[in-house]
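Before any comments, here is the structure.
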Amino acid sequence: MDIKEIRGLGCGLLKKIASKNKEAMTWKRWLGEYSFQPDYRDDPYAWLTDVLALKAVDSGNYGVGSILVNAEGKVIALGHNLVYSPYFRSDLHGEMVVVNQFEKEHPEITTLEGYTLYTSLESCPMCLTRLISSGINRILYAAGDSIAGMANSIDLLPPLWKDLSERQSFSRARCTEELSNAATEIMLINAEELLEVLRRRAKHSY
């Protein structure tokens, strides 16, 4: 893991955020000033997912960021929620964006053994089954999601999905509570506003 490389990548993303939302700008400053804690091995990766989550909010999307890391600890794909902007795409959750990108760019790689996906927020049912299908060994999330998260409820999946998931690990990232809380708070910045968009779409579909 090259901490300087991760810091540089995240700070480059933060520089591009110029939101009119005061809360978003407060988190931009906080993330820019945050110091990685050596006792928490996942801190740099969790921090980067929080940065990407804030970038998602800044672009008019739900605040979730994700990255894919190879066996050597190098960040090889990154992305964030793109459901609402630049146009509506119901499938483009943060995890989906990252896996789509990696699979498109690396069709020659047939196994993701040793790879880790970090996400700022616990995966929803749709993303969970996609991640199971992907074969990524470890999925680590900075913050749990008691409303929509599914990683802690794999036993509720149909038998085939439970069987396929046995080779994988889904758990909280080893990061500070500050980064975990940041992931939740960044997600909440525009969550209710965007959920209302989904409610209206669902209502008008009947």
request  = Kindly provide the set of residues from region 128-143 that are open to solvent by 40 Å² or more (accessible area, probe 1.4 Å) and of a type in the set (G, A, S), ordered by number.
outcome  = S133
task = Pairs only if they're at least six apart or on different chains, beta carbon under 7 angstrom, first in region 130-151 and aromatic (F, W, Y), second at pLDDT below 95 and open to solvent by less than 20 Å² (accessible area, probe 1.4 Å); list them, first residue then second.
result = Y141/A151
ask   = Mind checking which residues of region 178-206 are open to solvent by 40 Å² or more (accessible area, probe 1.4 Å) and closer than 13 Å to W47 by Cβ?
value = E178, N181
inquiry  = I'm checking my understanding of the structure. Among residues of region 46-78 that are open to solvent by less than 30 Å² (accessible area, probe 1.4 Å) and touching a Lys or Arg at 6+ places or on another chain (Cβ under 8 Å), which one is farthest from M1 (Cα to Cα)?
reply    = L54
inquiry  = Restricting to region 36-91, give me the number of residues that are part of a loop (DSSP other than H, G, I, E, B), of a type in the set (S, T, Y) and touching a residue at least 60 places away in the same chain (Cβ under 8 Å).
reply    = 3
ask   = Among the residues of region 24-40, which ones are more than 13 Å from E177 (Cα to Cα) and open to solvent by 80 Å² or more (accessible area, probe 1.4 Å)?
value = R29, E33, P38
task = Kindly indicate the residue of region 153-173 that is among the basic types (K, R) and farther than 21 Å from A143 by Cβ and also most open to solvent (accessible area, probe 1.4 Å) among those meeting that condition.
result = R167
task = Enumerate the pairs (first residue in region 9-26 and more than 20 Å from Y45 (Cβ to Cβ); second residue anywhere and polar (S, T, N, Q) and outside any helix (DSSP H, G or I)) with beta-carbon separation below 6 Å, excluding pairs fewer than 6 apart on the same chain, so at least 6 apart or on different chains.
result = M25/S19
ask   = Going through region 7-42 one residue at a time, which ones are at pLDDT below 95 and among the polar types (S, T, N, Q)?
value = S19, N21
key: Residue list for region 80-118, filter: open to solvent by less than 30 Å² (accessible area, probe 1.4 Å) and either in contact with a Lys or Arg (Cβ under 6 Å, 6 or more places away or on another chain) or closer than 22 Å to V197 by Cβ (or both)   = H80, N81, V83, L92, G94, E95, M96, V97, T116
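The values are calculated or read from the model by the stated rules, or taken from the named source; none is laboratory data. In this text, all values refer to a predicted model and were calculated from it rather than measured experimentally. Positions of Cβ are generated from backbone atoms using ideal geometry, with glycine treated the same way; all protein chains shown enter the neighbour counts. Surface areas here come from the heavy atoms of the whole protein model, side chains and all, with no ligands, DNA or RNA. Shrake-Rupley method; radii C 1.70, N 1.55, O 1.52, S 1.80 Å.
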